[in-house]
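Asks: Submitted below is the structure of interest, expressed as C-alpha cells.
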Amino acid sequence: MDTLLSSSPSMVARPSLSPVLSTAFPSKLHSAVATFSSSPPIIGGFRRNHLPLLRPLTFSTPPKFSIRCGAGVKEIKESEFRSTVLESSRPVLVEFVATWCGPCRLISPAMESIAQEYGDRLEVVKIDHDANPQLIEEYKVYGLPTLILFKDGQEVAESRREGAITKAKLKMYVDSLLETFSVA
C-alpha cells in the first residue's frame, strides 16, 4: 500500500465517489412528506395501515388450456392419421400444436378462417404435440406450431413452416401451395 506523506493542504486524499446531493424542500412539501414518512401506530403487535407482503400466486389445480377446434379444423390422434391424412383424396394441411404453446393459440383463429375459406379444396387438421409423440418423432417436428401439407399420402416438398404467422401470410402460404397443384 502506498503512503502519501505531505504537509500541504492541497494533497488531501478524496474518495472516488462524488457526494450525494441534497435538495431543500419548500415548507409545505416538507411537511406533507413528513406526514407520510411517519410510522403508523402499533396496535396489537401490528402496524396499522401496513400492507401485507405479496405472496406468489398459487393455484390449487393448474390452469387447463385446450386445443379448440371450430367447424373447419378437426383434431386427430395418431390412430386417425393414416385414414385422415395419408389416405385423403384432397390435400391436408396438418398443424402440430400444444396446449401450452402461446403462438399456437395465437394463430388458431387464422387456421379456422383458412379451414372455412378453403374447405372445398383443402382439409385442415390439428395434432396435439404432447398426446402424439410417435408422429412428432416421425415427422421431426422441432418447433411449434408446425404446418405441413400432405398430398397423395406424402409430405409436399418445401411445405413445412414453423412458428406463428399472420392471417394474410397464412393465406399467401396456402395459395402458393395450392397453386402448385393446379399447375402440375
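The values are calculated or read from the model by the stated rules, or taken from the named source; none is laboratory data. This is a predicted model, so every value here is computed, not measured. Don't worry about glycine lacking a Cβ; one is built from the backbone with ideal geometry, like all the others, and counts go over all protein chains shown. For the accessible areas, the whole protein counts, side chains as well, though only heavy atoms, and no ligand, DNA or RNA atoms are used. Shrake-Rupley method; radii C 1.70, N 1.55, O 1.52, S 1.80 Å.
Asks: Pairs only if they're at least six apart or on different chains, beta carbon under 8 angstrom, first in the stretch 87-103 and touching a residue at least 40 places away in the same chain (Cβ under 8 Å), second basic (K, R) and surrounded by 14 or more Cβ atoms within 10 Å (Cβ to Cβ); list them, first residue then second.
Replies: Qualifying pairs under 8 Å: P91/K151; V92/K151; V94/K126; E95/K126; F96/K126; V97/K126.
Asks: Can you give me the number of residues within the stretch 96-135 that are within 19 Å of E162 (Cβ to Cβ), part of a helix (DSSP H, G or I) and in contact with a strand residue (DSSP E or B) (Cβ under 7 Å, 6 or more places away or on another chain)?
Replies: Count: 4.
Asks: Look at the stretch 136-154 and say how many of its residues are of a type in the set (S, T, Y), crowded, with 20+ Cβ neighbours inside 10 Å and in a loop (DSSP other than H, G, I, E, B).
Replies: Residues of the stretch 136-154 of a type in the set (S, T, Y): 139, 142, 146.
Filter once more, so that each one left must be crowded, with 20+ Cβ neighbours inside 10 Å: 146.
Right, trim to in a loop (DSSP other than H, G, I, E, B) and you get none.
Total satisfying the criteria: 0.
Asks: Same structure, new question: Considering only residues that are more than 20 Å from F181 (Cα to Cα) and among the hydrophobic types (A, V, I, L, M, F, W, C), look in the stretch 82-105 and name the one that is most open to solvent (accessible area, probe 1.4 Å).
Replies: W100
Asks: Of the residues that sit in the stretch 155-169 and are among the aliphatic types (A, V, I, L, M) and more than 21 Å from T99 (Cα to Cα), which one is least open to solvent (accessible area, probe 1.4 Å)?
Replies: First, pick out the residues of the stretch 155-169 that are among the aliphatic types (A, V, I, L, M): 156-157, 164-165, 168.
Add one more test, that the residue is more than 21 Å from T99 (Cα to Cα), and what stays is 156-157, 168.
Details: V156: 26, A157: 83, A168: 67 Å².
Per the criteria, the residue is V156.
Asks: Consider the stretch 155-184. How many of its residues are free of Cβ contacts under 8 Å to residues at least 60 places away in the same chain and not in a helix (DSSP H, G or I)?
Replies: Here the count works out to 10.
Asks: Okay, moving on. Can you go through A164, A157 and tell me which one is in contact with a Cys (Cβ under 9 Å, 6 or more places away or on another chain) and farther than 18 Å from E75 by Cβ? Explain how you work it out, then say what you get.
Replies: Working: A157 fails: in contact with a Cys (Cβ under 9 Å, 6 or more places away or on another chain).
Answer to the check: A164.
Asks: Conditions first: (1) basic (K, R); (2) in contact with a Leu (Cβ under 8 Å, 6 or more places away or on another chain); (3) at positive phi. R160 passes all but one, so which condition is the exception?
Replies: (3)
Asks: Restricting to the stretch 144-162, and then to whatever is farther than 19 Å from T84 by Cβ and modelled with pLDDT of 95 or more, can you tell me which residue is nearest to the chain's Cα centre (by Cα)? Spell out the reasoning first.
Replies: Going residue by residue through the stretch 144-162, those that are farther than 19 Å from T84 by Cβ are 144, 157-158, 161-162.
Now narrow it down to the ones that are modelled with pLDDT of 95 or more: 144, 161-162.
Details: L144: 11, R161: 18, E162: 14 Å.
Within the stretch 144-162, the match that is nearest to the chain's Cα centre (by Cα) is L144.
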